[in-house]
Amino acid sequence: MKIQSKLFDLHRTLNCGQVFRWTLNEDQWWYGVVRDHIIKIRQVQNELEFFIYPKMPEPAKFLSHYFRLDDDLEFIYQQICKDNYMEYAIKNARGLRLIRQEPWECLISYIISQQNNIPKIKRSIESLSRKFGTPYYIQEKIFHIFPTPAQLSEANLDELKRGFKLDGCALGYRAKYVLKSASLIQNESLSFSLEALKNFPYKEACKLLQKTFPGVGPKVADCILLFSADKLEAFPVDTWIRRLISKLYSQKGSIRQIKQFCTEYFGQFAGYAQEYLFFAAKDFANNFKRNQ
């Protein structure tokens, strides 16, 4: 099946660090697990060619929603392109779009992401899925759906904590946060659903996540809201982004102060600005080194 993809770059979108369950094969097809479906997809100019298993009604609509093809990127660029840094970042990553992720998987993924690197995050999530998720066999390949709260709440804490060499998931101290979060949802201990977060005002949703789930601080909450709850004003700030903003914009202060500056400066699409700056961060860092 095919779908038109104007102003969209599949490789940049899937390779910018916002999602963790996509793999680019040697044949230049991307393979990913989205909710309870396996997707094989590639881009040829302005067209996406894809296969989805199992079959679903309106697959093109599903993918358009997932890849946020409904976002008016040209308008967003106009709103966030306020200086030479953003102009450079946009020019070098045109077509990169945020992705609408499934909230439960997004929550656990970003709890795991704390003080972690992308290869290890991917490996931990894949290990979780392999051990506790439902398997699908497609064309002699095996894929695993991300485990449900019910499946994950039955996990053994030690198995989640211990390293890959010991056949664990290498979550370390994050294991207890993952297990507790799964139990909270499985036992229906929440006064809200993760899917409903998009209906809350941004600040209220941010506080609610931090108050409810162990291991969720301001940065993780912002990632969850940006990537799964349509809160495009969210601007996740970690140590790397804080350092980058300090150098680019001469902003000193705490993570909270940096976040406030970026939210006010970039406005309602601050989350897009963050992703583009993050994508260009290595280029900016190399320029800093040459200019020192």
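Residue-wise test of (1) at positive phi; (2) out of contact with any Leu (no Cβ under 6 Å at 6 or more places or on another chain).
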site	(1), (2)
K6	no, yes
G17	yes, yes
W30	no, no
H37	no, yes
Q45	yes, yes
E58	yes, yes
F67	no, yes
N84	no, yes
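How many residues are at pLDDT 95 or above and either part of a loop (DSSP other than H, G, I, E, B) or buried (at least 16 other Cβ atoms within 10 Å of the Cβ) (or both) if we restrict to segment 4-14?
Number of matching residues: 7.
Assuming T23 fulfils every condition listed in (1) loosely packed, with under 14 Cβ neighbours inside 10 Å; (2) assigned to a loop (DSSP other than H, G, I, E, B) apart from one, which condition is it?
(2)
May I ask you to verify whether Q274 is under 15 Å from the mean Cα position of the chain (by Cα), outside the structural domain of F192 (by TED's automatic domain parsing) and modelled with pLDDT of 90 or more?
yes
Take Y85 and decide whether it is touching a residue at least 60 places away in the same chain (Cβ under 8 Å), over 30 Å from A280 (Cβ atoms) and not assigned by TED's automatic domain parsing to the domain that holds G172.
Criteria not met by Y85.
Could you tell me how many of the residues in segment 111-140 are polar (S, T, N, Q), without any contact (Cβ under 8 Å) to a residue 60 or more places away in the chain and not in a helix (DSSP H, G or I)?
So the answer is 4.
Being within 19 Å of I111 (Cα to Cα), at pLDDT below 95 and among the aliphatic types (A, V, I, L, M) is true for just one of I224, I255. Which residue is that?
The unique qualifying residue is I255.
Only one of these is in contact with a strand residue (DSSP E or B) (Cβ under 9 Å, 6 or more places away or on another chain), among the hydrophobic types (A, V, I, L, M, F, W, C) and either modelled with pLDDT under 95 or not in a loop (DSSP other than H, G, I, E, B) (or both): I108, I39. Name it.
After ruling out the rest, the residue left standing is I39.
Of the residues that sit in segment 141-196 and are among the basic types (K, R) and assigned to a helix (DSSP H, G or I), which one is nearest to the chain's Cα centre (by Cα)?
That would be R174.
The values are calculated or read from the model by the stated rules, or taken from the named source; none is laboratory data. Every value quoted in this text rests on a predicted model; they were computed, and no experiment measured them. A quick note on method: Cβ atoms are made from the backbone with ideal geometry, for glycine too, and the neighbour counts reach across all protein chains shown.
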